[in-house]
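Okay, structure first, notes after.
Just so it is clear, none of the values below were taken in a lab; they were calculated from the coordinates. Remember, predicted model here, so these are calculated numbers, not experimental data. Because the Cβ atoms are built from the backbone with ideal geometry, glycine has one as well, and the counts that use them run over all protein chains shown.
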Amino acid sequence: MNIVGLGNAGCQIAKTFQNYEQYQVFCIDVEDKGYPTFLQVEHQNSHEDYEKNYKKLKLSKCKGETTFILCGTGNISGCALRVLQQIKDSPVTVIYIKSDLANLSHEQKLKDRATFGILQHYARSALLKDVYIVSNQLVERAIDGISIKSYWSDINNIISSTYHMLNVFDNTEPLLTTASPRPITARIATLGVVNYETNKENMFYDLQYPRLKKYFYGINENSIEEDKEILHKIRAFVNQKAEKNIAANFSIFSTSYEHNYIYSTHYASFIQEQKIE
């Protein structure tokens, strides 16, 4: 799979995928900050100029399944659609990083709103495979005892490790699953983790009006052999997550890890943060 990061935030997260051999990483930015396969764009003075003055990048090696990572608040996000145009022949999933709106200027909010809205409409129209929305603030809540010194690296690593494990599960035969095809328009999504002991779920974005919740259980072999109530516990938890107009399902995988893990994805058709008159 290809990972393409745009701008500082996108590239810093993309960089962490080097920890896994399954990915080919491309980083698009103005300045090379030790990125793998760095692709430079010229500095521009505005969001509009990044689109208007865009010059094609050397993305010929970016073929096949691709994940595009970006934050929409910076000027460089103005060339996002131009990058997507270059890789349109590949199935593309977007990870969109949401900044804390309270800390943004009026201009940054406008750029975020425009980029965020367009990408969601692209997903609804099936021009993108999915858009996964991630809020740094909510990722922070999922980390116990986050260090100020390593704040951004911890945030970036949990985003990449969660997305990586979901990719692993998507390409692994489960021991048992209740999964069924999701609604065709439910392409706006977020990621999450669930504490195996407490069942506390931390989503990476407050997704409004979800239509489907999927839970991926990575259970070690000892627990599978010894805990005869495990399936009952899983069914009870997932059934609690199902509501009117919201389906919930699970898949169970055997792992060799010491601890047991639960990952989740929620999917919606509703355009998030749109202004409804």
Centroid-to-centroid separation of the range 34-84 and the range 229-277 [C-alpha atoms, Å]: 33
Alpha-carbon gyration tensor eigenvalues x 5, square-rooted, for the chain, Å: 33, 20, 18
Size of the range 81-149 as Cα extents on the principal axes (Å, biggest first): 42, 29, 20
Cβ-placed point charges (K, R +1; D, E -1), dipole of the chain about Cα centre in debye, nearest 20: 920
Cysteines (scope the chain) whose Cβ has no counterpart Cys Cβ under 4.7 Å: Cys62, Cys71, Cys79
Neighbour-count ranking [beta-carbon atoms within 10 angstrom, fewest first] of Thr115, Thr73, Thr37: Thr37, Thr115, Thr73
Helical contribution to [θ] at 222 nm, DSSP H n ≥ 4, -39,500 (n - 2.57), averaged over the chain, rounded to 500: -9500 deg cm²/dmol
R0 of 30 Å, Cβ-Cβ distance Asp144-Glu51: FRET efficiency to nearest 0.05: 0.15
Antiparallel bridge percentage (DSSP; both residues within the chain; nearest 5): 40
Descending Cα extents along the principal axes, the range 159-268, whole Å: 39, 29, 25
Residue-span extension gain [Asn220 to Leu176] - 0.36 nm each, minus C-alpha spacing: 14.4 nm
Global form of the range 1-154, assessed from the alpha-carbon gyration tensor, a/c cut-off 1.5: rounded
Stretch gain in nm, segment Lys275-His106, where the contour uses 0.36 nm per residue and the Cα spacing is subtracted: 59.2 nm
Taking the chain and dividing mean pair separation by its residue count, relative contact order in percent (alpha carbons under 8 Å, at least six apart): 16
Proximal lysines relative to Lys244, as straight alpha-carbon distance under 23 Å, when same-chain residues fewer than 8 apart are discounted: Lys200, Lys213, Lys214, Lys233
Estimated FRET transfer efficiency (Asn8, Ala242; beta-carbon r; R0 41 Å; 0.05): 0.55
Loop trypsin sites (Lys or Arg not before Pro), the range 25-56 (other Cβ atoms within 10 Å of the site Cβ: 13 or fewer; DSSP): Lys33, Lys55, Lys56
